[in-house]
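What follows is a set of notes on a single structure, which appears directly below.
The values are calculated or read from the model by the stated rules, or taken from the named source; none is laboratory data. Predicted model only: the values in this text are computed from it and were never measured. Every residue, glycine among them, receives a Cβ derived from its backbone with ideal geometry; neighbour counts consider all protein chains shown. These area figures cover heavy atoms from the full protein model, side chains too; ligands, DNA and RNA do not enter into them. Shrake-Rupley method; radii C 1.70, N 1.55, O 1.52, S 1.80 Å.
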Amino acid sequence: MNPNAQTFRWWESGIVYQIYPRSFLDSSGDGIGDLAGIRQKLDYLQWLGVDAVWISPIYPSPMADFGYDVSDYTDIDAIFGSLLDFDTLLADVHARGMKLLLDYVPNHTSDRHPWFIEAKSSRSSAKRDWYIWRDAAPDGGPPNNWRSNFGGAAWTWDKATGQYFYHAFLKEQPDLNWRNVAVQQAMLDVLRFWLNRGVDGFRVDVMHHLAKDRQYRDNPPNPDFRPGMSPYRELLTTHSVDLPEVHEIVALMRAVVDEYDDRMLVGEIYLPLERLMAYYGASGEGAHLPFNFQLLRLPWDAKGVATVVERYEALLPSYAWPNWVLGNHDKPRIATRIGAAQARVAAMLLLTLRGTPTMYYGDEIGMHDVPIAPDQVRDPFEKNVPGLGLGRDPVRTPMQWTGGDGAGFTTGLPWLPLADDFTANNVAVLRDQPNSILSLYHRLIELRRAEPALSVGAFAALPVSDNVMAYMRKAGDRRLLIVLNFAAHACGFDLSMLEAQAEVLLSTHLDRHQEQLGDNLQLRGDEGVIIELR
Ligand code: GLC
């Protein structure tokens, strides 16, 4: 089929950009980013060329987990602004032809949410069953061996009512009981509240956690556990995560979103690819996009990456649209993981694979993980499980806008330290450098937007060698070849078998425009190229 002839939906052809709102731009001087700050940077996002912005949680929250502990789903935390600020931001985003996704946190509320306060008030409270309460084990300990993702038991004893409550994350984040129909209704109404305001969709937090085993059986030990891994991983999550019933819940959310035109759901799901596919729904009634996190975790070598790309493509159900994620607020930054030079190759990979790309703020200027001194740690994960490198503060540091005071992020004291290289690596400086990583992102996005072969075209893998991965993207007669060198040394690639005239459209080094190629493509170390075949 000729993709040019089809109409693609915005979340298929578009590029998603994640903003961690505390760290994007602080307009008030309190050291924490806010909605008015995001609004000031819409020109920048439009220049960059992204289509949709996903903002991590901005609802009222005690900030035990920096917004992923929501105490009111239908308002804005004063730190970030007001509902009026939100409406203004949304209108401005839409006026630019862009889309806005909110973060929906359905698995757990804050322990200060009025629902939990009521549930906790007595065993006979009308909202008791909105959360997950269990009696103690015969020895007085927790009802089973389930662990919290953030260390320790997943059960906390409530002395006043003499029962344990379940929390997959912090004890300040009690899990909702999605088997209760009143919970379903209340939480689906939250979606409607924001959809009615005009948001274009949601990133759904820990979607795979929503259903739990009815019998609360113990989880089995994980045979692959090794010291140095998060203690959570000592057990498999057989009975606490990814239960079949979760898909019924996702389908309820999807049905609400489908009451509106052109909205979408993207699910945060950390599962192996085989299990991830079910989140599209057995016939497409699940998430529009279950996040594909493979690029966040794969060892960075040509063969490994090529194998996973092909496996993912092969596993996708016919009705499913692919997606790729290169960074987020929970995982090490790509520039730290694979180095600054390969981060440019990764950018080309992300923006030339088939499927919706999701970028993380700051990756376009090559931001790296910022070391956090012990007395500056903010992330509860690091506080609970220190020293294993699991803390997420290093990837949440302020966006580097300028080389001036506060990196142009704040006039106050930033809530997390600035990177020490911000005077050289910031938007203002890199935008003017024709060979910078920011210029590369800009060009890649421009090309992806201009070329249906890249945004929506077919994908075909070519044979991979030790260091070089290559694939073709096609739309109609247009054929683009992408060749990526994962090594720091030069590598060759044989073009003769393609029997076509080849011309370089773009190199990650940004210096090979319109170069005509013979039978042999020479790639420099850490170089990727996009080639037009005729
Ligand atoms: C998701 C979020 C993470 C948060 C957790 C608990 O994994 O991405 O930041 O801590 O859920 O809500």
* the stretch 98-183, accessible area per residue, ligands and nucleic acids excluded (1.4 Å, Å²) -> 38
* Structure fact -> Rounded to the nearest Å, the spacing of the alpha-carbon centers of the stretch 380-435 and the stretch 446-462 is 32
* Structure fact -> Residues whose modelled amide H sits under 5 Å from the amide H of D158, counting only those 5 or more places away in sequence or on another chain, are Q163, Y164, F165
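Under 1.5 on a/c is rounded, so check that first for the chain, then, if it is not, pick prolate when a/b is larger than b/c and oblate when it is not; a ≥ b ≥ c are the square roots of the alpha carbon gyration tensor eigenvalues. Mind dumping the intermediate values first?
Numbers: a/c = 1.72, a/b = 1.55, b/c = 1.11.
Here the chain falls in the prolate category.
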* To do: Please work out how much length the chain gains when fully extended from A182 to E503, using 0.36 nm per residue of separation minus the C-alpha to C-alpha distance, in nm with one decimal.
  => 109.5 nm
* Asked: Which whole-Hz ³J(HN,Hα) couplings does the stretch 9-17 yield from phi under the Karplus relation 6.51 cos²θ - 1.76 cosθ + 1.60, θ = phi - 60°, glycine and proline marked x?
  -> 7, 4, 7, 8, 7, x, 10, 9, 10
* To do: Just list whichever of K212/K303; K99/K127; K212/K383; K212/K331; K120/K331 have alpha carbons separated by over 31 Å in the model shown.
  => K212/K303; K99/K127; K120/K331
* Structure fact -> Residues of the stretch 396-425 with backbone N under 18 Å of the label point set 7 Å from the Cα of R297 along Cα→Cβ are none
* **Solvent-accessible heavy-atom area per residue, rounded to whole Å², over the stretch 458-533 at 1.4 Å** => 42
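Given the Cα-Cα distance of H513 and R112 and 0.36 nm per residue of separation, how much length would full extension add, in nm?
Numbers: separation 401, 0.36 × 401 = 144.36 nm, distance 5.69 nm.
Answer, rounded to one decimal: 138.7 nm.
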* Quick one: what are the phi-derived ³J(HN,Hα) couplings along the stretch 171-177, Karplus 6.51/-1.76/1.60 with θ = phi - 60°, whole Hz, x for glycine and proline? => 5, 7, 10, x, 6, 6, 9
* Lys/Arg Cβ at +1, Asp/Glu Cβ at -1, dipole of the chain taken about the Cα centre: which of P332, F291, T508 is farthest positive-ward? -> F291
* Cut-off 12 Å (backbone N to label point 7 Å along Cα→Cβ of L273), residues of the stretch 280-316 -> 292-295, 298, 304-316
* Rough spin-label spacing in nm, given labels placed 7 Å along Cα→Cβ, for D30 and Y44 -> 2.1
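Could you compute the net charge surrounding W155? Neighbours are other residues with a C-beta less than 15 Å from the C-beta of W155; K and R count +1, D and E count -1.
Values: positive: K120, R134, R147, K159, K171, K212, R217; negative: D111, D135, D139, D158, E172, D175, D213, D218.
Surrounding charge for W155 is -1.
Carbon and sulfur together cover what percent of the accessible area of the chain at a 1.4 Å probe radius?
Working: 10060 of 19980 Å².
In the chain, the share of accessible area belonging to carbon and sulfur is 50 percent.
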* Which length gain, in nm to one decimal place, applies between E248 and D139 when the Cα-Cα distance is subtracted from 0.36 nm times their residue separation? -> 35.7 nm
* Return, ordered by residue number, the residues of the stretch 110-153 whose backbone nitrogen is under 18 Å from a label point located 7 Å along Cα→Cβ of R217. => 143-147
